[in-house]
1. With a 1.4 Å probe and all protein chains left in place, how much of the accessible area of the range 18-134 comes from carbon and sulfur atoms, in whole percent?
2. Seen from all sides and averaged, what is the projected area of the convex hull of the Cα atoms in the range 1-109, in nm²?
3. Counting other Cβ atoms within 10 Å, which trypsin sites (Lys or Arg not before Pro) in the range 1-51 have at most 13 and lie in a DSSP loop?
4. How charged is the neighbourhood of residue 342? Take every other residue with its Cβ under 11 Å from the Cβ of residue 342, and add Lys/Arg as +1 and Asp/Glu as -1.
5. For a protection proxy built on the mean count of beta-carbon atoms within 10 angstrom, sort 59-72, 243-256, 136-149, 117-130 highest first, please.
6. For the ranges 320-327, 107-114, 334-341, what's the packing order if you count other beta-carbon atoms within 10 Å of each residue, average per peptide, and put the highest first?
7. Once you list every other residue whose beta carbon is under 9 Å from the beta carbon of residue 236, what net charge do they have if Lys and Arg are +1 and Asp and Glu are -1?
8. At a 1.4 Å probe radius, carbon and sulfur cover how many percent of the accessible area of the range 251-395?
Amino acid sequence: MIREFEDCLNGNILSYWTEKMVDPRGGFYGRRDGFDRLDEDAPKGAILNARILWSFAAAYRLTGNDTYAAMALRARDYIKEHFIDPAYGGVYWSINADGTPLDTKKQFYAIAFTIYGLAEHYRATGDEESLRLAQSLFNDIEAHSFDRVKGGYIEAQTRDWCKIADMRLSDKDDNASKTMNTHLHIMEGYTALLRVWRSEELLAATRGLLRIFLDRILDRKTWHLGLFFDDDWKREDGIFSYGHDIEASWLMLETAMVIGDEDLYKETLAATEKIAMAALEGRKEDGSMVYERHADGTLDADFHWWVQAENVIGQLYLAAYHGKPEFIKEAAQSWRYIKDHIIDCENGEWYWCRRGADGSIDRVDDKAGFWKCPYHNSRMCIEGIETIHQLGISD
């Protein structure tokens with residue numbers, strides 16, 4: 001798999017973004033539709049740009065490719081110039097194609113991803129400006145999102161850090177004050193920052209986030225994660241999100257490893273094995289994974305690109321860390337599904353999904369856009385390469 005991951009990362013994913021998504025006006029374009037048609041005037045999202053930064057920085061760290069270093073710096077500079085709010089801190093949710101602010105709300109999910117990208121950029125290049133910006137954004141989250149009374153992190157605020165009525169990431173989400181998804185990616189961003197900056201405050205916050213997953217978000221009856229919660233941590237859904245479960249199973253373990261507490265690591269190791277195995281309830285015989293099970297027990301049986309990518313990583317972690325070598329073969333089968341059904345070998349990048357009913361290609365959703373970024377798929381390649389190399393798993 002190593003050579004195939006390398007070829008996919010370099011020749012399919014990142015080549016698409018360097019050849020088709022660089023905006024001569026600055027930064028990167030905001031969208032290509034499902035037919036690969038460029039929308040030059042599409043708004044640009046903070047999540048897209050932060051994930052572009054992470055992807056190129058991580059790829060540069062892995063490969064030493066100078067083109068990736070240049071793309072990462074381009075993304076970092078554009079974020080600094082256009083997304084970071086010079087008046088109040090944090091990052092805008094979106095900007096116009098010309099770089100002017102559009103939606104100025106402060107979604108802490110987006111701020112967390114910006115930390116993730118900046119921390120990885122510092123890790124890959126030693127760029128002190130990226131570290132400084134990441135530290136400042138960490139302080140913004142701790143000052144404005146952290147619930148010091150009931151624990152956890154709220155979803156969103158206005159530009160000037162006041163309450164906001166609609167806290168949702170997207171129309172499909174519940175308007176809950178606390179969500180698994182935002183906590184997962186704040187933890188992810190903090191873990192990346194903790195790798196390069198071990199302050200006591202950051203260490204405590206990262207440990208606290210992992211404990212929230214173990215003590216609040218994880219349902220120990222089903223070993224699935226809850227998605228939506230109120231201020232008091234009352235769960236407001238009955239959904240099993242297989243993609244988020246398998247993603248969290250390895251991200252939680254990664255966080256425990258970076259924290260470096262042996263007892264916490266052992267506790268997390270035991271829990272994440274059960275989370276991963278519960279997630280695999282959504283895995284099909286051909287290696288694919290369905291999106292989620294609704295509260296009424298029915299399935300959203302579409303096969304989203306990001307779920308397939310996280311499925312591969314989660315299974316490799318089961319083989320590498322949980323003493324389950326049989327999942328090397330299972331991960332390889334899941335990778336074959338991606339190659340056969342999700343990757344666009346002709347035009348580059350991956351399709352959004354294959355439809356569950358008939359297996360047709362999803363052309364309605366973007367090929368590249370606000371939520372379709374070179375992140376889950378490039379990370380699958382990078383994590384796959386590093387896990388196989390570092391742990392000596394037979395390729």
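The values are calculated or read from the model by the stated rules, or taken from the named source; none is laboratory data. A quick note: this is a predicted structure, and the numbers were derived from the prediction, not measured. Cβ sites come from the backbone with ideal geometry, for glycine too, and all protein chains shown count toward neighbours. For the accessible areas, the whole protein counts, side chains as well, though only heavy atoms, and no ligand, DNA or RNA atoms are used. Shrake-Rupley method; radii C 1.70, N 1.55, O 1.52, S 1.80 Å.
1. Working: 1870 of 4170 Å².
Carbon and sulfur: 45 percent of the exposed surface of the range 18-134.
2. Numbers: hull surface 30.4 nm².
Answer in nm², one decimal: 7.6.
3. On the way: sites: 3, 20, 25, 31, 32, 37, 44, 51; in loops: 25, 31, 37.
Those satisfying the criteria are 25, 37.
4. On the way: positive: 336, 339, 354; negative: 340, 344, 349, 362.
That works out to -1.
5. On the way: 59-72: 18.6, 243-256: 25.7, 136-149: 16.6, 117-130: 22.2.
Per-residue mean Cβ counts within 10 Å order the peptides as 243-256, 117-130, 59-72, 136-149.
6. Details: 320-327: 15.4, 107-114: 27.1, 334-341: 18.5.
The most tightly packed comes first, giving 107-114, 334-341, 320-327.
7. Values: positive: 234, 235; negative: 174, 230, 237.
Residues close to residue 236 contribute a combined charge of -1.
8. Working: 2640 of 5600 Å².
The C+S portion of the solvent-accessible surface of the range 251-395 is 47 percent.
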